[in-house]
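Student: Quick one: this structure, given as structure tokens, is what I'll be asking you about.
The values are calculated or read from the model by the stated rules, or taken from the named source; none is laboratory data. All figures in this text were calculated on a predicted structure; none of them were measured in a lab. Here the Cβ positions follow ideal geometry from the backbone for every residue, glycine too, while neighbour counts run over all protein chains shown. Heads up: the accessible areas ignore ligands, DNA and RNA and are worked out on the full protein's heavy atoms, side chains in. Shrake-Rupley method; radii C 1.70, N 1.55, O 1.52, S 1.80 Å.
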Amino acid sequence: MSDAAAYKGEYQGEKAVWLKSGSYEAAILPEIGGNLIAFRDTANGYNFLHEPAADEMESFKARPIIHGIPVLFPPNRFEDGKFPWNGKTYTFPVNEEKTGNHLHGFVHSETWDVEEFGQTREESFVTVALKVDEQHAVYKFLPHLFTIKLKYTLSSAGLSQHILIRNDGADVMPCLFAFHTAVNAPF
């Protein structure tokens with residue numbers, strides 16, 4: 001009999017998908033950027049990621065890049081919000097006022113769709129996706145049709161992460177991404 005499980009639940013009042021396998025558990029917040037907010041070893045009492053405390057949830061939702069594993073697309077800082085690429089200049093909103101930069105893209109606060117979750121005899125998994133089309137808020141700044149899929153798998157070996165970024169349009173698009181993993185050190 002397997003001890004792997006995947007189920008919908010809550011994390012500090014937010015919709016979450018929980019994964020369990022052996023002594024490991026993890027939670028992802030699809031409605032807050034597909035952020036894997038918790039990864040824990042319950043047998044040893046380790047929280048591997050910097051998780052927001054209950055009184056930090058509102059500030060976390062306002063700035064979801066300092067907890068868990070947020071997806072940055074596109075990552076890094078862009079001076080004056082300008083991103084020159086392939087003969088074109090994209091204009092991103094300045095969200096780091098003190099420097100006049102755009103910081104860390106757009107998808108870390110978007111709602112992602114849960115495509116599937118479940119378990120096998122040896123692991124639990126969840127796949128979330130963000131599909132950007134002409135009606136999506138991200139399209140205003142990054143006018144391309146694309147899909148990002150993120151799959152987390154939890155097993156006795158630990159946590160596995162797989163990302164797929166697919167260009168759904170006919171034009172060439174920039175593809176820069178990163179994860180802003182907030183490790184809770186020391187555990």
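Student: Scan the range 71-79 and tell me whether some residue there is polar (S, T, N, Q) and assigned to a strand (DSSP E or B).
Tutor: No, the range 71-79 contains no residue that is polar (S, T, N, Q) and assigned to a strand (DSSP E or B).
Student: With the condition kept exactly as written, say whether any residue in the range 20-36 is out of contact with any strand residue (DSSP E or B) (no Cβ under 6 Å at 6 or more places or on another chain) and either surrounded by fewer than 22 Cβ atoms within 10 Å (Cβ to Cβ) or not in a loop (DSSP other than H, G, I, E, B) (or both).
Tutor: yes
Student: For the range 1-19, name all the residues that are surrounded by fewer than 19 Cβ atoms within 10 Å (Cβ to Cβ), aliphatic (A, V, I, L, M) and either part of a strand (DSSP E or B) or touching a residue at least 12 places away in the same chain (Cβ under 8 Å) (or both).
Tutor: Of everything in the range 1-19, just one residue is surrounded by fewer than 19 Cβ atoms within 10 Å (Cβ to Cβ), aliphatic (A, V, I, L, M) and either part of a strand (DSSP E or B) or touching a residue at least 12 places away in the same chain (Cβ under 8 Å) (or both), namely Ala5.
Student: Please tell me if Phe83 is within 23 Å of Ala157 (Cβ to Cβ) and either among the basic types (Lys, Arg) or surrounded by 14 or more Cβ atoms within 10 Å (Cβ to Cβ) (or both).
Tutor: Taking the combined requirement at face value, the residue does not satisfy it.
Student: Going through the range 148-187 one residue at a time, which ones are at pLDDT below 95, out of contact with any strand residue (DSSP E or B) (no Cβ under 9 Å at 6 or more places or on another chain) and among the small types (Gly, Ala, Ser)?
Tutor: Selection gives Ala185 alone.
Student: Does the range 168-178 hold any residues that are of a type outside the set (Val, Ile, Thr) and open to solvent by 60 Å² or more (accessible area, probe 1.4 Å), and which are they?
Tutor: Passing the criteria: Ala170, Asp171, Cys175, Leu176, Phe177.
Student: Residues of the range 106-128 being free of Cβ contacts under 8 Å to residues at least 60 places away in the same chain and not charged (D, E, K, R), which ones?
Tutor: Phe106, Thr127
Student: Checking Glu115 against (1) open to solvent by 70 Å² or more (accessible area, probe 1.4 Å); (2) modelled with pLDDT under 95; (3) farther than 30 Å from Ala185 by Cβ: exactly one of these is not met. Which one?
Tutor: All conditions pass for Glu115, except number (2).
Student: Could you please find all residues in the range 119-145 being within 11 Å of Ala5 (Cα to Cα) and open to solvent by 10 Å² or more (accessible area, probe 1.4 Å)?
Tutor: Listed by number, the residues that qualify are Gln119, Thr120, Arg121, Glu122, Glu123, Phe125.
Student: If you don't mind, there's one more thing I want to ask. Scan His144, His136 and give me the residue that is out of contact with any Gly (no Cβ under 8 Å at 6 or more places or on another chain), without any contact (Cβ under 8 Å) to a residue 40 or more places away in the chain and closer than 27 Å to Ala170 by Cα.
Tutor: So the residue among His144, His136 that is out of contact with any Gly (no Cβ under 8 Å at 6 or more places or on another chain), without any contact (Cβ under 8 Å) to a residue 40 or more places away in the chain and closer than 27 Å to Ala170 by Cα is His136.
Student: Further, regarding this structure: Just to check your reading of the model, which residue among Pro84, Pro64, Pro93, Pro52 is more than 13 Å from the chain's Cα centre (by Cα), outside any strand (DSSP E or B), free of Cβ contacts under 8 Å to residues at least 60 places away in the same chain and within 30 Å of Asn167 (Cβ to Cβ)?
Tutor: Pro93
Student: Is it true that Phe39 is buried (at least 21 other Cβ atoms within 10 Å of the Cβ) and out of contact with any strand residue (DSSP E or B) (no Cβ under 6 Å at 6 or more places or on another chain)?
Tutor: Spelling it out, it is not the case that Phe39 is buried (at least 21 other Cβ atoms within 10 Å of the Cβ) and out of contact with any strand residue (DSSP E or B) (no Cβ under 6 Å at 6 or more places or on another chain).
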